[in-house]
1. State whether one or more residues within segment B:67-78 are of a type in the set (Asp, Glu) and at pLDDT below 90.
2. Which of (1) exposed (fewer than 13 other Cβ atoms within 10 Å of the Cβ); (2) in contact with a helix residue (DSSP H, G or I) (Cβ under 8 Å, 6 or more places away or on another chain); (3) within 11 Å of chain A (Cβ to nearest Cβ) does B:HIS93 not meet, given it meets every other one?
3. Any idea which of A:ARG90, A:ARG118, A:ARG79, A:ARG127 is over 35 Å from the mean Cα position of the chain (by Cα), more than 8 Å from every other protein chain (Cβ to nearest Cβ) and modelled with pLDDT of 80 or more?
4. Please verify whether segment B:61-81 includes one or more residues that are in contact with a strand residue (DSSP E or B) (Cβ under 9 Å, 6 or more places away or on another chain) and within 11 Å of another protein chain (Cβ to nearest Cβ).
5. Confirm whether A:LYS94 is exposed (fewer than 12 other Cβ atoms within 10 Å of the Cβ), out of contact with any Phe, Trp or Tyr (no Cβ under 8 Å at 6 or more places or on another chain) and under 30 Å from B:LEU12 (Cβ atoms).
6. Take segment B:23-32 and flag every residue that is in contact (Cβ under 8 Å) with a residue 24 or more places away in the chain and either acidic (Asp, Glu) or more than 8 Å from every other protein chain (Cβ to nearest Cβ) (or both).
7. Select from segment B:1-48 the residues that are among the acidic types (Asp, Glu) and closer than 18 Å to B:PHE91 by Cα and write down the one among them that is surrounded by the most Cβ atoms within 10 Å (Cβ to Cβ).
Amino acid sequence: MHGLPNFFGRMFGYIGCRWAALNTFIFTTMLRKRFALLITTSALPRGVNDLNVFNECMHMVRVITIMDDVYAELYKLKRSKDFSFSQAIRYLLKEQSKEGKSIIGLAGSVSEIDIDRRAVSLIKRGRGALGWKNPAD
Amino acid sequence: MEKICLDFEAALEFLRGEPTTIEKLKWYADREEVCMTAFSVAHLMEVIKKPDVAHAFINSVTVLPFDKKSAVLLNRLLSEARERGQQLKVFDHLVTASICMANDAFLFTKSPINYEGVKGLKRV
């Protein structure tokens, strides 16, 4: 029979915690004179204390400035893949890291017989097929 | 993220499987942007008899072009080398150096001696 008061007690405690967290965030943002991001109580994570909530919020969102042409290209990618901007940037970062790994995959993929030693020697002496001529000659 | 520009010899050593070069490049590939000059790319295609490997490698790196800024820098490097009375062993090295400098890239080379005396060139 004590279940119902306990439930309401928890509910009010929970709401109070989140309201306090929101106030702390707005107050600290005003103090720092930083651009205030609109954060609703529903964005706050559950089960953490006020200070942690504030820290979490500061790490959840960042404002960046990008060039117009970069924005246009990013927007194109966002639309074509049905991404959010964060997802589009994350996708590009993932592709970039894949690129780095693909280089490593090519290590040792050429053996001595696959290399034209004569051409290498000519290039090292500045006489490759591209036709560069040593100005000192 | 910095640009790490492989010269022709470093790229060739990597493809041949030279352990030190692979180890270093692994480190850079995870953190920085790996590049090559357009001329090193052309040289690489010239010497490797496996076109598919050469193309795969080229597609995995950023290719830095020889542009107006590089041309102006190359001219400056040539004049400086002449003033010092330095024998230009290979003209290509100055081209690579000028492209690196124009693109604010760090040069990754197996033969630093080839680039000795080049002022303003950053090396790794």
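1. Residues of segment B:67-78 that are of a type in the set (Asp, Glu), as a first pass: B:67.
Adding the requirement that they be at pLDDT below 90 leaves none.
No.
2. That leaves (1) as the condition not met.
3. Criteria check complete, one pass: A:ARG118.
4. Here is the first cut: in segment B:61-81, the ones in contact with a strand residue (DSSP E or B) (Cβ under 9 Å, 6 or more places away or on another chain) are B:61-66, B:70.
Cutting the leftovers down to within 11 Å of another protein chain (Cβ to nearest Cβ) gives us B:61-62.
The answer is yes; a qualifying residue exists.
5. Details: exposed (fewer than 12 other Cβ atoms within 10 Å of the Cβ): yes; out of contact with any Phe, Trp or Tyr (no Cβ under 8 Å at 6 or more places or on another chain): yes; under 30 Å from B:LEU12 (Cβ atoms): yes.
Against the criterion (exposed (fewer than 12 other Cβ atoms within 10 Å of the Cβ), out of contact with any Phe, Trp or Tyr (no Cβ under 8 Å at 6 or more places or on another chain) and under 30 Å from B:LEU12 (Cβ atoms)), A:LYS94 qualifies.
6. Looking only at segment B:23-32, we keep the residues that are in contact (Cβ under 8 Å) with a residue 24 or more places away in the chain, and these are B:24-25, B:28, B:31-32.
Matches in segment B:23-32: B:LYS24, B:TYR28, B:ARG31, B:GLU32.
7. B:ASP7
Quick grid of which residues meet (1) at the interface with chain A (Cβ under 10 Å from one of its Cβ atoms); (2) of a type in the set (Phe, Trp, Tyr); (3) in contact with a helix residue (DSSP H, G or I) (Cβ under 9 Å, 6 or more places away or on another chain); (4) assigned to a helix (DSSP H, G or I):
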{"position": "B:MET1", "(1), (2), (3), (4)": "yes, no, yes, no"}
{"position": "B:GLU9", "(1), (2), (3), (4)": "yes, no, yes, yes"}
{"position": "B:THR21", "(1), (2), (3), (4)": "yes, no, yes, yes"}
{"position": "B:VAL34", "(1), (2), (3), (4)": "yes, no, yes, no"}
{"position": "B:VAL41", "(1), (2), (3), (4)": "no, no, yes, yes"}
{"position": "B:GLU46", "(1), (2), (3), (4)": "yes, no, yes, yes"}
{"position": "B:HIS55", "(1), (2), (3), (4)": "no, no, yes, yes"}
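The values are calculated or read from the model by the stated rules, or taken from the named source; none is laboratory data. All figures in this text were calculated on a predicted structure; none of them were measured in a lab. Quick reminder, even Gly has a Cβ in these numbers, built from the backbone with ideal geometry, and neighbours come from all protein chains shown.
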